[in-house]
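The values are calculated or read from the model by the stated rules, or taken from the named source; none is laboratory data. Only a predicted model underlies this, so the values are computations on that prediction, with no experimental measurement involved. Counting neighbours? That spans all protein chains shown, and the Cβs are built from the backbone with ideal geometry, glycine included.
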Amino acid sequence: MNGVHDLGGMHGFGPVIREPNEPVFHSEWEQRVFAMALTAMGRRVWNVDEFRRAIECMPPARYLAATYYEKWLHALESLLLEKGAVTPEELLSGHAAAPAPAKGTGPLDGGGGDVESFDSSAVKLRFDKSFKPRFKPGDRVVARNLNPKHHTRLPRYARGKRGVIRYDQGVFIFPDTHAHGQGAKPQHVYTVAFEAKELWGADHKERASVYLDCWDNYLERAAVMPAARPAIKSAGRARMAKPAAKVRAAAGRAKKGRKR
Amino acid sequence: MSEEHDHHNAPPSEPAQRVKALEQLLVEKGLVNSQALDELIDTYERRIGPRNGARVIARAWTDPEYRKRLFENAAKAIEELGFPPGPQGEHMMVVENTPRTHNMVVCTLCSCYPWSVLGLPPVWYKSTAYRARAVSDPRGLLSEFGVDVGGKEIRVWDSSSEMRYLVMPERPAGSESLSEDELAELVTRDSMIGTGLPKSAARRARETNRAAK
């Protein structure tokens, strides 16, 4: 969704203010919110993508005004309600209207054992078994111009922009569906390098780039490779699409390997 | 920012009361156990933090075999030193600063951060200002932080997936004679985010002298 959380490249937020000797938490309630949210995730009451989606759905003005753990508290309460784990009346009173369901039958039992245990497999979002990737390091790609109303991890600043695949990070659950209970839809995640001037305009000549992780669904193959041409006399001609086979052959010649 | 840090004198805030009621409810529902929450909090306040990451970097600076393993499978190599992956540390990649490249990490969409090696992120990392500017004005931001990377290429890693990135800073000149433990003292949290540089060996010596007095 084109939400207020998608902050990359925005102006007007002022300098970054750092607190010297900052404590891990600033108050006791922050500690409790953190631990409760993590426990619920560990018990698979919800997944991390649903948690992010719940935060992004805060009304924009409240999102910007809230502290970090106020956002977590909002997500915690709204997901407990959404999952039917608590009722609005229970949230207000602080007491359960009905006794806790028997183990393994209630909405709170996500299949994860005792309340004491943190099920770390609940946070494992990479698949061990792989399948053939569509891209390889060196391939030139374009981030799709997608503007979905649902949760996505493709930030606005990269949409429609050209980049180069740097790493294939393996196969991961797809957040766009996983955040909405619509399945894992596993696919490759690639780290794509986007140059500053491509993202922010020609006047950004500094040697900088953004390395952004993109799910396969976010990408398509770039039609041409302008950087591969030493001198472009006719920009119009250079932008014309090349036959796919020629592009693949050229991409194969591009640099390979996991250089760091 | 200031309202975030005024808890000490303020009366119990609205979230404090909401959270108290919520915990009571979830305990009654059998979802959480207050002691288990205490333990989780203690883990992130005391046991997991940037000292873990500093151990990893210092080992990689001194042990070429370890360094190789760290680049091949970061989460596994980090676990070797006794730091389990846990949440936000399952899928790790270490990115190396070199004389030509400076790396810096951000999460523009939320607050993704490598918990297993750095602990929980500081407020500024999660702030709108950092998330907005890190991708579009990294050099300006670094200079505000007092970090001059000269003409190096800057790579900003926007943590949009479940991959978590840890920056391996360059080993400071003049640190050749330091032991692994001493080297770990040079590695600051910010140097592993890429918004800082490691302490110099001389600064460490001054700090050690002051502490001894």
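Things to note:
- Qualifying residue in segment B:95-105 (condition: among the acidic types (Asp, Glu), assigned to a strand (DSSP E or B) and at pLDDT 95 or above): yes
- Condition check for B:Val117: surrounded by fewer than 23 Cβ atoms within 10 Å (Cβ to Cβ) and over 18 Å from A:Val192 (Cα atoms): no
- Restricting segment B:161-182 to residues that are crowded, with 17+ Cβ neighbours inside 10 Å and within 17 Å of the chain's Cα centre (by Cα), the residue that is farthest from A:Tyr190 (Cα to Cα): B:Pro169
- Pick from segment A:54-65, criterion buried (at least 18 other Cβ atoms within 10 Å of the Cβ) and either modelled with pLDDT under 95 or out of contact with any Ser or Thr (no Cβ under 6 Å at 6 or more places or on another chain) (or both), ranking: nearest to A:Arg153 (Cα to Cα): A:Glu56
- Under the condition of being touching a Lys or Arg at 6+ places or on another chain (Cβ under 8 Å), touching a residue at least 40 places away in the same chain (Cβ under 8 Å) and within 7 Å of chain A (Cβ to nearest Cβ), the residues counted in segment B:124-158 number 3.
- Some residue of segment A:91-104 being more than 10 Å from chain B (Cβ to nearest Cβ), surrounded by fewer than 16 Cβ atoms within 10 Å (Cβ to Cβ) and at pLDDT below 90: yes
- A:Ala75 meets each of the listed conditions (1) modelled with pLDDT of 95 or more; (2) touching a Phe, Trp or Tyr at 6+ places or on another chain (Cβ under 8 Å); (3) assigned to a helix (DSSP H, G or I); (4) within 10 Å of chain B (Cβ to nearest Cβ) apart from (4).
- Of residues in segment B:107-129 being among the hydroxyl-bearing types (Ser, Thr, Tyr) and outside any helix (DSSP H, G or I), the one nearest to B:Ala54 (Cα to Cα): B:Tyr113
- Residue match in segment B:150-160 (condition: of a type in the set (Phe, Trp, Tyr) and closer than 30 Å to B:Lys76 by Cα): yes
- Considering residues of segment A:126-156 that are of a type outside the set (A, V, I, L, M, F, W, C), touching an Asp or Glu at 6+ places or on another chain (Cβ under 8 Å) and under 24 Å from B:Met93 (Cα atoms) only, the residue modelled with the lowest pLDDT: A:Arg126
- Selection count where residues are touching a residue at least 60 places away in the same chain (Cβ under 8 Å), among the polar types (S, T, N, Q) and over 13 Å from A:Leu79 (Cβ atoms), scope segment A:1-44: 1
- Residue within segment A:45-66 that is under 23 Å from B:Ser34 (Cβ atoms), in contact (Cβ under 8 Å) with a residue 24 or more places away in the chain, in contact with a helix residue (DSSP H, G or I) (Cβ under 9 Å, 6 or more places away or on another chain) and assigned to a loop (DSSP other than H, G, I, E, B) present: yes
- Selection status of A:Met36, within 9 Å of another protein chain (Cβ to nearest Cβ), within 24 Å of B:Lys29 (Cβ to Cβ), surrounded by 22 or more Cβ atoms within 10 Å (Cβ to Cβ) and at pLDDT 95 or above: yes
- Qualifying positions in segment A:153-190 - part of a loop (DSSP other than H, G, I, E, B) and more than 9 Å from chain B (Cβ to nearest Cβ): A:Arg159, A:Gly160, A:Lys161, A:Phe174, A:Ala179, A:His180, A:Gly181, A:Gln182, A:Gly183, A:Ala184, A:Lys185, A:Pro186
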